[in-house]
Each structure stands twice: as structure tokens, then as C-alpha cells.
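Presented below is the structure to which this report refers.
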Amino acid sequence: MTSLKESFDPRSNSIGFLRWALAFAVIFSHAGPLAGFYGGHDLGTQWSTEQSFGGVAVAGFFFLSGFLITKSKMGRASTPRYFWRRIMRIFPGFFLVLIVTAFILAPIAYMREAGTMDGFWNATVDSPLTYFSNNMWLPLNQHSIAGMGTTIPFYTIHGGFEWNGSAWTLAFEFGCYILVAVLGVMGALAHRMIAGIVSVGIILLATMQWLGMGNIGSLTSAFTDYRVLLLYAPFAFGILFALFGEKIPIDNRLAIACVLIAGYTYAKGGWLVVGQYAFCYVLIWFAIKVKFLKNWDKHGDFSYGIYIIAWPLMQFAAYFGLQNAGWLVYHLVIVAGCHAYAYLSWHLIERPALQLKDWTPKWLEKLLVRTARPRKAAMDWLDPNHAARNAARPALPAPPADQAITKPPAPAVAVAGSSKDGLA
């Protein structure tokens, strides 16, 4: 029996496949309310009173992200560099989907529904011209565009409209990134017991929330939104896996037991308290053990693009009655469309943005050089062990004396499953 720390290879695992599969679990789940399948309800709610398949997938996303992002922050990158990389991973793709929705999908759908463009560009409420600016900072403040959508299943079944009902998780994802950064600045990732206590505390608060033990919202107004602990708990579980990998066994028997626990609690109750954590263990076990899927994302990390375009594309398809073609045809078209979009998004926007992850403006380079000593003194004061850890890190090997280096090599683009980057 080996430990997680011994078994996990950041460049040889199946996390890329898992995130792709989780993204499609969200699609299949949302086909209920968006296309009218499964009685108009999310897939999975027919068997579970706690979570849909889409919610299960999102918990998996946050767990894997917590694991990968924490390991990334424990590396050499500074906190500003850490945030820059997270911004380059989340925002370019998100900006693209906002633009595509407001200026391509929505106008065509409006024309299809209304038979005219009158009232679209000059809408006084929920204008397409404000859709980007109102949502660009991740929290979704504008959900609809020009009052459209009253003829499609999501409105007729549920009485509401939402152009992107999946993207709300991104704000919580970035909040988790901030949590990891704060733990890093405080030295809590190096003194892992502190970060461990914080992570366990989040999981315990989530457990209290699901069991109805006390008024969690009275602790802070943030907890009045149940989604905070819903998503932070699996992320915190991922932090624990990153911090204490040498204590976590990767064992086939334990994986089988966790599959049974996850399945039982999903159907009978206890998923949010116990089952989702068993499911998370199965994910990391799968990522390590199923090696033949390690190159799944060799052509690009499409999971993020799939995740954020699926809902808008499914809404768009509803205007043309694609759901009336039947379950199989509907899903084949949506899956193909999501793949096509994600491929273009990755190669035209996301990958080029990630190539800038180590870019620094020249003025900032000069400022960093000038402030190196006071910044080091401040870090040593905040964390007495900071200097000792830096001294213990192995120095980078020097190039051969006869080898002139005139230009540093271009940084490799990180992709899911082969890097320490998380989702988005």
C-alpha cells in the first residue's frame, strides 16, 4: 500500500479525463430543466433528495481544484504571481463566453423568438450592452438579456430565465483561491497543522449546516448563503489531501468501500455529510490508478470551456426546439457543439493567456528588484521560518560553462492533469 504523496505524479495522471467527465455530468444533469427531460428536473434528483448529478460533479471539481491549487501555492511562486496565474486561467475564457452570449447567441435567439430585432439592442432593462460589464467580475449581476426566454422550457417549467446558470460557481472558486493565498501568506501551508485545522473547521461547519445544528449564519453573513459551505467543504477536503498526502493511503479496497458509501448515501441520505468525501477519494484514486487516460487532454484542457458554454448553448438550442428531436439527438448536438467551442476557446484564448502566466511588466520588474530587501524582511517577520525554508530549497543547476544562454526557454503551457493548475 502506497501513500498519495508517493503515488501522485503531477505529470502522469487522469485528472484531465476526470474534469472532462465531470463537465459532461453537468450537461446531462441540466438537460432536465433546460430541455424538459427527466420531468423537467436535474438528473439525479429522481434518486437523491440532497444533490443532482450536476452538483456531484461540481463537488468533484472543487475537490480536485483544492488539491491542485494548494500544491501549486506550496511551490516557489509568490502570492502576486499565484494570483496572476489564477486570473489568467479564469478570466480570459469567462470574458469570451460573456461576449459570445451577448453578441452572438442572444441576438440570434431573440430574432428567433420575437421575429424582429426591435427592442433588443435598445432594451432599457437587461441590455445586451451591459451583460458583459455587469458580470465580468465573476458574480452574476445580470442573468437575462432584453427580457427574452419566455417561450423555452426553463421558463415554462420553472418560471425563470438564466443565460448562464453554471457560471455562478466561478465566484466561489475564486474565493477559494483567496483562501489558499491567505493561508500561504500566513505561513499556514508550511505549518500545515494550521491550514489543516482551518480546512477541518470548514468541513465541520458544512456538516453542522446540513444537520441543522445551530445557526451557522450567525457566525458571519457569508454563511447565510448555503452555497459557500456547499462548495468550500470539498475544496477544503482537497487542501487536506495536498497537505497530508503521506498519510492518505491509495488502496483498492478503500476505493471500493468509498464507491459503496458514496452510492448508498446518495440514494439513502447522508451524501453531503459523508458521501461526497468518499466520492472525492474515489476521484483521486482513479486519477492515480487509471494511467491509460493520462494523455486524455494532450490536445488541450477543454473542461473549462465545456463547463462555461454548455448552459448558454443549451438555452440557445431550446429556441430552435432541439429538445423535440429526442434525448439522443439533443445530447449529440450539444456535446459536439460544446467540444467545438471549447477547442476554439482553448487554442485561441485560454492557451495564449496561460503563456503569459510568467510575464512581468518591466516597470514591475524594476520595482521588485528595488524592494527585494524590505519584502524579504517583511516575510521573515511574518513567518520566522521563511528564510530557513528558502535556504533549504535546492538551487537551480547552473548551465555548463561553455554553453552561452542568451534567451530563457519559453515556459511550457500547463494543462489539466499534467500540471499543478486547477480548474476553473
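The values are calculated or read from the model by the stated rules, or taken from the named source; none is laboratory data. Model, not experiment: these values are computed from the prediction. For neighbour counting, all protein chains shown are included, and Cβ atoms are generated from backbone atoms with ideal geometry for every residue, glycine included. These area figures cover heavy atoms from the full protein model, side chains too; ligands, DNA and RNA do not enter into them. Shrake-Rupley method; radii C 1.70, N 1.55, O 1.52, S 1.80 Å.
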Thr265 passes all but one of (1) buried (at least 21 other Cβ atoms within 10 Å of the Cβ); (2) of a type in the set (S, T, N, Q); (3) not in a helix (DSSP H, G or I); which number fails? (3)
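From the list Gly16, Gly66, exactly one residue is open to solvent by less than 10 Å² (accessible area, probe 1.4 Å), closer than 26 Å to Leu313 by Cβ and in contact (Cβ under 8 Å) with a residue 24 or more places away in the chain. Which is it?
Working: Gly66 fails: closer than 26 Å to Leu313 by Cβ.
After ruling out the rest, the residue left standing is Gly16.
Mind listing just one residue for me: the one in region 347-366 that is assigned to a helix (DSSP H, G or I) and more than 23 Å from the chain's Cα centre (by Cα) and, of those, farthest from Pro33 (Cα to Cα)? Give the derivation first.
Of all residues in region 347-366, those assigned to a helix (DSSP H, G or I) come to 347-354, 362-366.
So of that shortlist, the ones also more than 23 Å from the chain's Cα centre (by Cα) come out as 362-366.
Values: Lys362: 50, Trp363: 51, Leu364: 48, Glu365: 50, Lys366: 54 Å.
The selected residue is Lys366.
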Count of residues meeting criterion [farther than 15 Å from Gly39 by Cα, at pLDDT 90 or above and open to solvent by 20 Å² or more (accessible area, probe 1.4 Å)] in region 151-168: 3
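Can Phe237 be described as in a helix (DSSP H, G or I), farther than 18 Å from Val198 by Cα, touching a residue at least 60 places away in the same chain (Cβ under 8 Å) and of a type in the set (Phe, Trp, Tyr)?
Numbers: in a helix (DSSP H, G or I): yes; farther than 18 Å from Val198 by Cα: no; touching a residue at least 60 places away in the same chain (Cβ under 8 Å): yes; of a type in the set (Phe, Trp, Tyr): yes.
Spelling it out, it is not the case that Phe237 is in a helix (DSSP H, G or I), farther than 18 Å from Val198 by Cα, touching a residue at least 60 places away in the same chain (Cβ under 8 Å) and of a type in the set (Phe, Trp, Tyr).
Go through the residues of region 255-277 one by one and say whether even a single one is small (Gly, Ala, Ser), within 20 Å of Thr2 (Cα to Cα) and in contact with a Phe, Trp or Tyr (Cβ under 6 Å, 6 or more places away or on another chain). It would help to see each step written out before you state the result.
First pass over region 255-277, keeping only residues small (Gly, Ala, Ser): 255, 257, 262-263, 267, 269-270, 275.
Restricting the remaining residues to those that are within 20 Å of Thr2 (Cα to Cα) gives 255, 257.
Going one step further and asking which of them are in contact with a Phe, Trp or Tyr (Cβ under 6 Å, 6 or more places away or on another chain), we end up with 255.
Yes, some residue in region 255-277 is small (Gly, Ala, Ser), within 20 Å of Thr2 (Cα to Cα) and in contact with a Phe, Trp or Tyr (Cβ under 6 Å, 6 or more places away or on another chain).
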Within region 23-63, take every residue that is free of Cβ contacts under 8 Å to residues at least 60 places away in the same chain and among the aliphatic types (A, V, I, L, M) and give me the one that is nearest to Trp311 (Cα to Cα). Ala25
For region 216-241: of the residues being closer than 14 Å to Val200 by Cβ and aliphatic (A, V, I, L, M), which is surrounded by the most Cβ atoms within 10 Å (Cβ to Cβ)? Ile239
Consider Gln51 against the criteria (1) within 30 Å of Leu4 (Cβ to Cβ); (2) not in a loop (DSSP other than H, G, I, E, B): it satisfies all of them except one. Which criterion is unmet? (2)
Return a yes/no flag: does region 111-130 have any residue that is over 30 Å from Ile203 (Cα atoms), open to solvent by 10 Å² or more (accessible area, probe 1.4 Å), touching a Leu at 6+ places or on another chain (Cβ under 7 Å) and outside any loop (DSSP other than H, G, I, E, B). no
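Hand me the list of helices (runs of 4 or more DSSP H) wholly inside region 276-346 holding 3 or more residues that are under 30 Å from Pro249 (Cα atoms) and open to solvent by less than 40 Å² (accessible area, probe 1.4 Å).
On the way: elements: 276-289, 303-319, 327-345.
Counting at least 3 such residues, we get 276-289.
What about Tyr277, is it hydroxyl-bearing (Ser, Thr, Tyr) and under 17 Å from Gly201 (Cβ atoms)?
It is true that Tyr277 is hydroxyl-bearing (Ser, Thr, Tyr) and under 17 Å from Gly201 (Cβ atoms).
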Any residue in region 300-315 that's at positive phi: show its pairings with residues that are among the aromatic types (Phe, Trp, Tyr) and open to solvent by less than 10 Å² (accessible area, probe 1.4 Å) at Cβ separation under 7 Å, as long as the two are six or more apart or on different chains. Gly300/Trp346
Of all residues in region 122-139 being more than 13 Å from Trp168 (Cα to Cα) and not polar (S, T, N, Q), the one that is modelled with the lowest pLDDT: Val125
Please tell me if Ala167 is closer than 30 Å to Pro107 by Cα, touching a Phe, Trp or Tyr at 6+ places or on another chain (Cβ under 8 Å) and in contact (Cβ under 8 Å) with a residue 12 or more places away in the chain. yes
